[in-house]
């Protein structure tokens with residue numbers, strides 16, 4: 001049986017969490033995953049997913065959300081795309097990415113954006129081969145939950 005690419009839903013949250021943790025381990029940051037399946041259930045209106053399923057098992061996924069960039073307008077942000085290592089090389093990532101692009105077009109998005117770690121050469125090449133412009137110019141400015149609280153405490 002071939003790989004099925006479909007919209008993810010709540011029944012996939014456990015498998016998605018497994019993929020998220022695998023990706024975090026690959027990215028050398030497993031300790032940074034604080035999300036939970038329960039949190040995903042509560043916040044499911046804030047994100048979407050597309051899953052790759054083979055023989056009833058989720059083998060990859062793309063997780064996204066819609067955003068708004070002042071310079072261009074409505075956009076789709078591809079937060080994660082991950083395929084289990086044993087299924088790579090079979091176009092699963094390409095199929096997931098295509099569905100993300102189809103969604104962005106259907107939703108009239110003006111931009112599709114994602115991030116890639118500067119050391120992940122395989123991912124960088126994956127996106128470049130598909131026409132992505134990779135910018136080294138912009139840097140992330142992140143505040144975690146503690147950072148949000150500290151900012152508010154220190155900037156009254």
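The values are calculated or read from the model by the stated rules, or taken from the named source; none is laboratory data. In this text, all values refer to a predicted model and were calculated from it rather than measured experimentally. Backbone-built Cβ (ideal geometry, glycine too); neighbour counts: all protein chains shown.
Remarks
- When the test is whether a residue is touching a helix residue (DSSP H, G or I) at 6+ places or on another chain (Cβ under 8 Å) and either surrounded by fewer than 18 Cβ atoms within 10 Å (Cβ to Cβ) or not in a loop (DSSP other than H, G, I, E, B) (or both), residue 89 does not pass it.
Yes/no per residue for (1) surrounded by 11 or more Cβ atoms within 10 Å (Cβ to Cβ); (2) over 28 Å from residue 51 (Cβ atoms); (3) in contact with a helix residue (DSSP H, G or I) (Cβ under 6 Å, 6 or more places away or on another chain):
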{"site": "71", "(1), (2), (3)": "no, yes, no"}
{"site": "82", "(1), (2), (3)": "yes, no, yes"}
{"site": "93", "(1), (2), (3)": "yes, no, no"}
{"site": "102", "(1), (2), (3)": "yes, no, no"}
{"site": "123", "(1), (2), (3)": "yes, no, no"}
{"site": "127", "(1), (2), (3)": "yes, no, no"}
{"site": "133", "(1), (2), (3)": "no, no, no"}
{"site": "154", "(1), (2), (3)": "no, yes, no"}
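- Top-ranked residue of segment 108-121 - restricted to ones that are loosely packed, with under 12 Cβ neighbours inside 10 Å and part of a loop (DSSP other than H, G, I, E, B), ranked as modelled with the highest pLDDT: 108
- Residue check: residue 39 meets all listed conditions (1) part of a helix (DSSP H, G or I); (2) within 21 Å of residue 6 (Cβ to Cβ); (3) free of Cβ contacts under 8 Å to residues at least 24 places away in the same chain but one, namely (2).
- Residue check for residue 147: under 25 Å from residue 34 (Cα atoms), modelled with pLDDT under 95 and outside any loop (DSSP other than H, G, I, E, B): yes
- Enumeration of residues in segment 17-34 that are under 17 Å from residue 81 (Cβ atoms) and touching a helix residue (DSSP H, G or I) at 6+ places or on another chain (Cβ under 7 Å): 17, 21, 24, 33
- Of all residues in segment 18-36, those that are within 17 Å of residue 65 (Cα to Cα) and part of a loop (DSSP other than H, G, I, E, B) total 1.
- Subset of segment 49-86 (residues that are on the phi > 0 side of the Ramachandran plot and either modelled with pLDDT under 95 or not in a strand (DSSP E or B) (or both)): 55, 56
- Total residues in segment 42-56, condition in contact (Cβ under 8 Å) with a residue 40 or more places away in the chain and out of contact with any strand residue (DSSP E or B) (no Cβ under 6 Å at 6 or more places or on another chain): 2
- When residues of segment 1-17 are limited to those that are in contact (Cβ under 8 Å) with a residue 40 or more places away in the chain and assigned to a helix (DSSP H, G or I), the one farthest from residue 65 (Cα to Cα): 15
- When we screen 105, 95, 91 for residues that are within 15 Å of the chain's Cα centre (by Cα) and under 22 Å from residue 128 (Cα atoms), the only hit is 95.
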